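Chemist: Can you keep this structure in mind? I'll have questions shortly.
The values are calculated or read from the model by the stated rules, or taken from the named source; none is laboratory data. Every value quoted in this text rests on a predicted model; they were computed, and no experiment measured them. Cβ sites come from the backbone with ideal geometry, for glycine too, and all protein chains shown count toward neighbours. Ligands, DNA and RNA are stripped out before the accessible areas are found, and what is left, the full protein with its side chains, is counted by its heavy atoms. Shrake-Rupley method; radii C 1.70, N 1.55, O 1.52, S 1.80 Å.
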Amino acid sequence: MDPAFESLLVRASEKPKALSVPELARLMSAADAEERRALHAAAYAVKTRHVGRRVSVRGLVESGNACAKDCLYCGLRRSNARVERYALSADEIVAVAEAAKARGYASLVIQSGEIESEAHTRFVEGVLKRVAPLDMGVTLSLGEQTDETFRRWKDAGASRYLLRIETSDPAFYAKLHPSGHDWRRRVACLQTLKRLGYQLGTGVMCALPGQTPEMLARDVAFFGDVDADMLGMGPYVPHPDAPLGPAAEAPDNAVRLRMGLNLIAVARLHLHDVNVAAATSLQALAPDGRERGLLAGANVLMPNLTPVRWRAGYQLYPGKPNLDESAEEATAALERSVAAIGETILWNARGDSPHFSGIATSVAPRSSFVV
């Protein structure tokens with residue numbers, strides 16, 4: 001192995017934010033099997049130092065697939081007339097939360113397409129108030145909202161918010177989204193969420209056509225600039241009903257998987273104590289994709305607890321796994337797969353971000369990143 005590459009791993013392992021963007025790009029571009037093994041092992045060692053060989057779980061409920069956005073890569077985009085839209089009722093979401101709590105989940109993720117309206121804000125607010133007595137950590141992944149909506153949802157009981165930036169490059173963002181999608185507003189939402197005291201989650205896609213290791217390295221640096229507490233990242237999987245899908249000259253599945261695992265490892269080595277999820281898209285590319293994500297530095301899994309009859313309606317990309325797997329089956333499969341790689345699931349524990357726990361104040365500091 002290149003001694004210079006090995007030196008980068010040593011420096012990155014010793015302290016967070018130790019490498020420059022070009023150095024992060026060098027790690028990100030690791031394609032040689034020996035280099036990748038060393039990269040993932042170093043990231044795993046850093047993860048183990050901060051959270052142990054333990055996996056935090058979040059029960060995922062996909063509450064609806066209506067979306068006001070028209071992102072060029074997404075199967076749920078507003079213009080896709082082939083999607084059968086659905087929306088869970090408040091009773092259905094609360095029932096999923098109650099069942100999850102009974103199975104040992106102490107954290108819940110409520111995810112949907114992006115909708116901005118007073119009716120939607122009130123709906124989510126009401127759900128959060130009903131879930132609050134369960135004493136679960138609740139992550140929302142509901143897209144861009146007004147400052148007031150974010151505040152209301154925080155007051156109603158949400159503790160985390162995941163808003164993926166998808167790319168930190170404004171020009172590249174414009175290539176992935178039609179007019180009316182504003183990169184600057186998305187960054188401003190991240191800053192608002194941080195200011196309001198949420199555990200801040202963000203992330204990007206990798207293996208996009210036209211994307212380079214240098215761009216992904218800048219993305220990782222961006223995570224540090226916005227003071228992210230948790231990351232949700234995954235490889236781009238083309239969707240046949242999205243403009244970026246069938247015509248895109250995208251890498252093959254093996255390259256997508258490699259880039260997804262490298263991105264997890266590089267982010268872990270750069271930021272050390274954040275929560276990093278092993279995305280479901282990794283499992284779409286390889287049966288053991290999520291386990292490989294854990295061994296590359298991730299420490300969070302989000303098994304899908306959405307009622308089975310609605311699963312097929314929430315396909316951001318084709319080939320999404322476990323569409324017909326019940327919540328009980330998902331939980332059992334999760335335990336088996338995690339145990340097989342020598343990790344332990346933290347049942348009945350929220351698994352809050354160590355980074356957030358270490359810096360939290362009554363009012364979280366505003367990021368130094370300026371829109």
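Chemist: With each run of n ≥ 4 DSSP H residues scored as -39500 (n - 2.57), what mean residue ellipticity at 222 nm is computed for the chain after dividing by its residue count and rounding to the nearest 500 deg cm²/dmol? Walk me through the numbers on the way to the answer.
Modeler: Details: 15 runs with 165 residues, N = 371.
Theoretical 222 nm ellipticity from helices: -13500 deg cm²/dmol.
Chemist: Also, quick follow-up: For Lys154, which aspartates and glutamates qualify as cross-link partners when the Cα separation must be under 13 Å and same-chain residues fewer than eight apart are set aside?
Modeler: Cross-link targets: Glu125.
Chemist: Turning to a different aspect of this structure: Any chance you could check the Cα centroid distance between the stretch 95-164 and the stretch 31-46 for me, in angstrom?
Modeler: Each part's Cα centre sits 36 Å from the other's.
Chemist: Most mobile of Thr146, Thr167, Thr280 per a Gaussian network model of the chain (Cα springs, under 10 Å)?
Modeler: Thr146
Chemist: A further question follows. Once neighbouring chains are kept in place and the probe is 1.4 Å, which whole percent of the accessible area of the chain is contributed by carbon and sulfur?
Modeler: After summing per-atom areas, the C and S share lands at 54 percent.
Chemist: For Gln199, which sequence-distant residues (separation of 5 or more, or a different chain) have an amide H within less than 5 Å of its own amide H, given hydrogens modelled in the peptide plane?
Modeler: The list, which skips near neighbours in sequence, is Arg160, Tyr161.
Chemist: Using a Gaussian network for the chain with springs between C-alpha atoms less than 10 Å apart, which of these wobbles most: Asn304, Asn262, Asn253?
Modeler: Asn253
Chemist: Okay, next question. Using packing as a proxy for protection, rank 111-123, 191-203, 21-33 so that the peptide with the highest average count of other Cβ atoms within 10 Å comes first.
Modeler: The packing order, highest mean first, is 191-203, 21-33, 111-123.
Chemist: Using unit Cβ charges (K, R positive; D, E negative) and no other charged atoms, how large, in debye to the nearest 20, is the dipole of the chain about its Cα centre? Intermediate values should be presented prior to the final figure.
Modeler: Details: 44 positive and 43 negative charges, 101 e Å.
In debye, rounded to 20, the chain gives about 480.
Chemist: A follow-up question, please. Hey, what's the chain come to in accessible area per residue, 1.4 Å probe, Å²?
Modeler: Value returned for the chain: 39 Å² of accessible area per residue.
Chemist: Measure nothing fancy, just the Cα-based angle from helix 33-51's long axis to the longest principal axis of the chain, in degrees from 0 to 90, nearest 10.
Modeler: Between the helix axis and the principal axis of the chain, the angle is about 60 degrees.
Chemist: What is the Å³ per residue value for the convex hull set by the Cα atoms of the stretch 1-149?
Modeler: Working: hull volume 28.6 nm³, N = 149.
So the per-residue hull volume is 192 Å³.
Chemist: Helix 147-156 versus the longest principal axis of the chain: what angle, 0 to 90°, nearest 10, using Cα atoms?
Modeler: 80 degrees
Chemist: What number comes out for the charge environment of Leu261, summing +1 per Lys or Arg and -1 per Asp or Glu over other residues with Cβ under 9 Å away?
Modeler: On the way: positive: Arg36, Arg258, Arg292; negative: none.
Once all neighbours under 9 Å are counted, the net charge is +3.
Chemist: So, one more: Say the cut-off is 32 Å between C-alpha atoms; which of Lys17/Lys69; Lys17/Lys175; Lys17/Lys101 go over it?
Modeler: Checking Cα-Cα distances, Lys17/Lys69; Lys17/Lys101 exceed 32 Å.
Chemist: Residue-wise, which Karplus ³J(HN,Hα) couplings in Hz belong to the stretch 280-287, taking 6.51 cos²θ - 1.76 cosθ + 1.60, θ = phi - 60°, and x for glycine or proline?
Modeler: Values per residue, Gly and Pro as x: 4, 4, 5, 6, 5, 9, 7, x Hz.
Chemist: Calculate, for Arg82 and Val308, the FRET efficiency according to 1/(1 + (r/R0)^6) with r their C-beta to C-beta distance and R0 22 Å; round to the nearest 0.05.
Modeler: Efficiency, rounded to the nearest 0.05: 0.60.
Chemist: Let me ask you something else. In terms of modelled amide H atoms, which long-range or inter-chain residues lie less than 5 Å from the amide H of Ala106?
Modeler: Amide H neighbours of Ala106, under 5 Å, 5+ apart: Asn348, Ala349.
Chemist: Using the Karplus curve 6.51 cos²θ - 1.76 cosθ + 1.60 with θ = phi - 60°, what ³J(HN,Hα) values do you get for each residue of the stretch 264-272, in whole Hz, with x for Gly and Pro?
Modeler: 4, 5, 5, 5, 5, 5, 7, 10, 6
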